[in-house]
Amino acid sequence: MSEEGDKGIITAPFEEALSERYLVYALSTITARSLPDVRDGLKPVHRRLLWAMRLLRLSPDQAFKKCARVVGDVIGKYHPHGDQAVYDALVRLAQDFALRYPLVEGQGNFGNIDGDGAAAMRYTEARLTRAAMLLMADVDEATVEFRSTYNGEEEEPEVFPAAFPNLLANGAQGIAVGMATSIPPHNVAEIVDAAALLLDSPEATIIDLLGVLPGPDFPTGGVIVEPRENLVEAYATGRGAFRTRARWHVEDQGRGSWAIVVTEIPYGVSKGKLIEAIAGLIADKKLALLEDLRDESDSEIRILLEPRSRNVEPQALMESLFRLTDLEVRVPLNLNVLDHARTPRVMSLKEALSAWLDHRRQVLIRRSMHRLAEIADRLELLEGYLKAYLNLEEVIRIIREEDEPKAALMARFALSDRQAEAILNMRLRALRRLEEVEIGREQEALLAERKQLQALVESPARQTRALKAELQALRKDYAPDTPAGRRRTSFGEAVAAAAIPRDAMVAREPLTIIVSEKGWIRAQKGHADLADPSGLKFKEGDALLFWFHAETVDRILLASPSGRFFTLDAHALPGGRGFGEPVSLMVDWPAGERAVAALPMRPGSRWLLAASDGKGFIARAEALLAETRKGRQVMTPRSGATLAIAREIGEGHDHLALVGENRKLLVVPLAELPEQERGQGVALQKYRDGGLSDAITLRLADGLSWPMGGDSGRVRTEADLTPWLGPRAGAGRMAPTGFPRSNRFG
């Protein structure tokens, strides 16, 4: 406490204090939790787990120990975090569907690919695998640096020697602050081949490396269908993704029927959730081609998919499933790792391999230097032993007669302290003549070994040969013809997903679409009689605006007065029992606007669009489709005008009839209208006063028909339209006698 009594309180700007503390947290998350080290591919928690298991002597040839014991040692000595988090990390290291080469061998329930969790740590047992032992091989030979643990009572390695290429072999996933990592697993034999190529040709390109390491090798298999150029770019930049599909085949069920059997699913996909998703599609009738599915999996995955009809194309069914479910996923690549200086950065494949090889070279040199130090120590002792044997009687006399034999021996024979101490500690049985011969032989062997090691340390070429020998020994253990080394993921054609017809995803059923004046919409099952809308009910103050027949596979087009078109899926519309729902809940419909038109979109059809000022054009139906809630602006009427007519042009129609508010009728050839995707269009009919009242397309040979008044249902037809024929943008002539007073064609 200071004299002023402020109790050590420091006054600082809040922004500065917050940013400083957040930076400390961010750096801790990045370097000590989320990102793996490029040299051994491990995060601190995984490294500490393996180190604790090594000290517990849980090698592959020893008995299992309870996971609770391992977790206790880890959180008590090395990693002061939650026990459940540490146990979850241990479980993942033992899951053969999560790691291509598990580092822990588990005994008990360690979860499964269905998404079920592992049993509690008090029930499960674990020990290390051969891959984990390779990661830690030579760790006691001064090959890596050690640091004190969090409480200063123990020591732990900063990184493992990593004779096993764990970063690429098993991959890694992690989310830090402002950055993340996602590295898929690869095949060890292919990694070794790529590393050997890099040792022989340091200038090798990514394309050269991909010639021997073609891509990821997932523990769950599957098929990679990513184009090769994308693979090259991803590995060259360290960022990308791999489009991966399930493996499947068609199985004959007898009597002409068949089923699809899925035997491998993409990496990282939970089988249980995948089956729930497919079952949901069947229940919601969003996949009309699929009748049922069964999970017949045991130790091997077997998901059986039954088509609705034997006439269904298997490829079409699978394409729809690839599009709608996790039978196809994109596995990301973000090779963001900590380099040898503990600096996070995104590396290319070549940089990651080079960093691992550089680390292995340093391990080789440090191991050699450590062995040279041991040889020097041993040669020093052997030299002292030989002096003792050559002067054995004198040595015995000094030991028997001198009060300080150690000092006397050192002075008499020019021995070091270690040599004199070793002579005094010799057993009597070692004084036999044979020992002198064996010491000489050992000395010669050590001198020869020292010469070789010194040459190795001084020669990069010798180091390269030694590294290649180590790689070949590793490849022999993980050869492609062994169960562990066999490639599980294959490569397919990188083709774009085929277009799936809508009736493959939605069951085709008849609907009657009902749209009210206030913008409420509903879909009634079946095709109701359009002649009698009296049975339809609406909210108070609302009334019928449009109703028409459609099917569940249709897409409904809604046109607003502003010229913007909106698209709704018929199968997703609310049912017809109630009043439906406002269109504004489904799309961004302009408030207060009344729909100009509502019709199903027929592929290949053409639409007439006309504004209230008499301008318009023809548009393809596909140009009216909108893929977002905001809709698609197709017509852009002039100021003061609105979209007045939006109608589908009938088959064979060759003329357009227009009637203005002045009751003047004009019939023009459709060929005079331009076809546009958007815009104002051209003048269709000109008016001195008022604007367009109605427009309709027709076949000139059939004449122009309109309904008579009243409930008679009679129709009048004007067969000869010659008086009203004219060029586009004309004024027209007064409508024929009997034309509806509403000034509309019906």
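Computed from the C-beta positions of THR636 and GLU661 and an R0 of 25 Å, the FRET efficiency is 0.65 to the nearest 0.05. Straight-line cross-link partners of LYS615 among the lysines, defined as a Cα under 25 Å from its Cα and at least 8 positions apart when in the same chain: LYS630, LYS664, LYS686.
Can you find, among ILE645, VAL192, GLY746, the residue sitting farthest towards the positive end of the charge dipole of the chain, where Lys and Arg contribute +1 and Asp and Glu -1 at Cβ? Of the options given, the answer is GLY746.
Beyond 25 Å, how much of the Cα-Cα pair distribution for the range 42-161 remains, as a whole percent?
Numbers: 1267 of 7140 pairs.
The share of Cα pairs beyond 25 Å in the range 42-161 comes to 18 percent.
Under a 5 Å amide H cut-off, with hydrogens placed 1.01 Å from N, VAL159 pairs with GLU145 among residues at least 5 apart or on other chains.
Among VAL337, VAL177, a tally of other beta-carbon atoms within 10 Å of each Cβ gives an order, fewest to most, of VAL177, VAL337. In plain terms, the C-alpha convex hull of the range 602-734 casts an average shadow of 9.4 nm² when viewed from every direction.
Applying a threshold of 30 Å to the alpha-carbon distances of LYS387/LYS451; LYS43/LYS350; LYS65/LYS468 flags LYS65/LYS468 as lying beyond it. Global dimensions of the range 591-662 from alpha-carbon coordinates: Rg and Dmax equal 13.0, 39 Å.
Site-free segments of the chain were taken between GluC sites (Glu not before Pro) in DSSP loops having at most 11 other Cβ atoms within 10 Å, sites themselves excluded; the longest one is 301-492. Computed 3J(HN,Hα) for the range 132-140, one whole-Hz value per residue from the Karplus formula 6.51 cos²θ - 1.76 cosθ + 1.60 where θ = phi - 60°, is 5, 5, 5, 4, 9, 4, 6, 5, 8, glycine and proline marked x. Hydrophobic long helices, here whole DSSP H runs in the chain with Kyte-Doolittle means of at least 1.0 and Cα atoms spread over 27 Å or more along the helix axis, are not found. Taking amide H as placed 1.01 Å from N in the peptide plane, ASP292 has its amide H under 5 Å from the amide H of GLU306, each at least 5 places away in sequence or on another chain. Going from the fewest other Cβ atoms within 10 Å to the most, the residues SER693, SER348, SER416, SER534 appear in the order SER534, SER416, SER348, SER693.
Across the options ILE260, ILE282, SER299, the greatest Cα extent toward the positive end of the charge dipole of the range 247-326 (unit charges at beta carbon of Lys, Arg, Asp, Glu) belongs to ILE282.
Here the residues THR124, THR628, THR11, THR489, ranked from fewest to most Cβ neighbours within 10 Å of their Cβ, fall in the order THR11, THR628, THR124, THR489.
Compute the length gained on full extension between PHE491 and ARG371: take 0.36 nm times their separation in residues and subtract their Cα-Cα distance, giving the result in nm to one decimal. Please list the in-between numbers first.
Working: separation 120, 0.36 × 120 = 43.20 nm, distance 4.59 nm.
Full extension from PHE491 to ARG371 adds 38.6 nm.
Taking amide H as placed 1.01 Å from N in the peptide plane, PHE491 has its amide H under 5 Å from the amide H of ILE224, each at least 5 places away in sequence or on another chain.
Where the only charges are on Cβ atoms (+1 Lys, Arg; -1 Asp, Glu), what is the dipole of the chain about its Cα centre, to the nearest 20 debye? Intermediate values should be presented prior to the final figure.
Numbers: 97 positive and 106 negative charges, 436 e Å.
Once rounded to the nearest 20, the dipole reads 2100 debye.
Antiparallel DSSP bridges in the chain: what percent, to the nearest 5? Of those bridges, close to 90 percent are antiparallel. Under the convention that each Lys and Arg Cβ holds +1 and each Asp and Glu Cβ holds -1, the size of the dipole of the range 247-326 around its Cα centre is about 240 debye.
Can you tell me the FRET efficiency between GLU404 and MET426 if r is taken as the Cβ-Cβ distance and R0 is 25 Å, rounded to the nearest 0.05? Please report the intermediate quantities before stating the final value.
On the way: r = 18 Å, r/R0 = 0.72.
Efficiency, from the Cβ-Cβ distance: 0.90.
Excluding same-chain neighbours fewer than eight residues apart, the lysines reachable from LYS539 by a Cα-Cα span under 25 Å are LYS518, LYS525.
In order along the range 594-601, the Karplus-derived 3J(HN,Hα) couplings, from 6.51 cos²θ - 1.76 cosθ + 1.60 at θ = phi - 60°, round to 9, 4, 7, 7, 8, 8, x, 7 Hz, and Gly and Pro are given as x.
Take the chain, mark every one of the chymotrypsin sites (Phe, Trp or Tyr not before Pro) that falls in a DSSP loop and has at most 15 other Cβ within 10 Å, then report the longest stretch left between them, sites excluded.
Working: sites that count: PHE64, TYR123, TYR150.
Looking at the chain, 151-746 is the longest stretch - no exposed chymotrypsin sites (Phe, Trp or Tyr not before Pro) with at most 15 other Cβ atoms within 10 Å.
We did not get these values from a lab; they are worked out from the coordinates using the rules stated. If you're wondering where the values come from, they're calculated on a predicted model, not measured in any experiment. Methodologically, a virtual Cβ is constructed for each residue, glycine included, from the backbone with ideal geometry; neighbour enumeration extends over all protein chains shown.
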